[in-house]
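What follows is one structure encoded as structure tokens, with my remarks underneath.
The values are calculated or read from the model by the stated rules, or taken from the named source; none is laboratory data. Quantities reported herein were computed from a predicted structural model and do not represent experimental measurements. Cβ coordinates were reconstructed from backbone atoms using ideal geometry, including for glycine residues, and neighbour counts include every protein chain displayed.
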């Protein structure tokens, strides 16, 4: 009896998936995207710093390999880094990257997608500041980042028939930001809007 239920459910899932793929009208495209970053850094995979509020902007190309599966390549400018607040003041590290994510996207429904994939990033600038309660003690100290960063992205979102998309993505950095004890690695939430051209 239980086996019969399982077979019935499997058949219904197969029929539903087939119908969803037949109705899917997605086509390969390219466009512009940008949005808001909440960036932090993890030390030893446990302790996480305060977040730096910043933004990202870039271009993307989405190519469908089937009616429900696509690959998306992006070229993105992303402001990252972190903040640490204490009684003495606020230390901020501003790290700017050119990121190249490659995403595997699945569309369970025409307007909803899930995505996962690797990302390579190239540090193009950095600035460190310490703002104390007294201007007399304000100072800056440089931490030279590694030129190459890498990691993996997870996310999802919605896309309209007009090519407007709203997405959220989490970047899990796997490469050390700079040579230091504690294995500092990027942790970035991205909230974006995209427009097919």
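Every residue, every condition in (1) free of Cβ contacts under 8 Å to residues at least 60 places away in the same chain; (2) assigned to a strand (DSSP E or B), yes or no:
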position	(1), (2)
79	yes, yes
96	yes, yes
116	yes, yes
123	yes, yes
126	yes, yes
144	yes, no
155	yes, yes
170	yes, yes
183	no, no
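Hey, among 96, 110, 131, which residue is surrounded by 14 or more Cβ atoms within 10 Å (Cβ to Cβ) and within 22 Å of residue 186 (Cα to Cα)?
Step by step, each of 96, 110, 131 is checked, and only 96 is surrounded by 14 or more Cβ atoms within 10 Å (Cβ to Cβ) and within 22 Å of residue 186 (Cα to Cα).
What residue, among those in the stretch 73-84 that are crowded, with 20+ Cβ neighbours inside 10 Å and modelled with pLDDT of 95 or more, is nearest to residue 116 (Cα to Cα)?
Selected residue: 74.
Would you call residue 141 loosely packed, with under 14 Cβ neighbours inside 10 Å, touching a strand residue (DSSP E or B) at 6+ places or on another chain (Cβ under 6 Å) and modelled with pLDDT under 95?
yes
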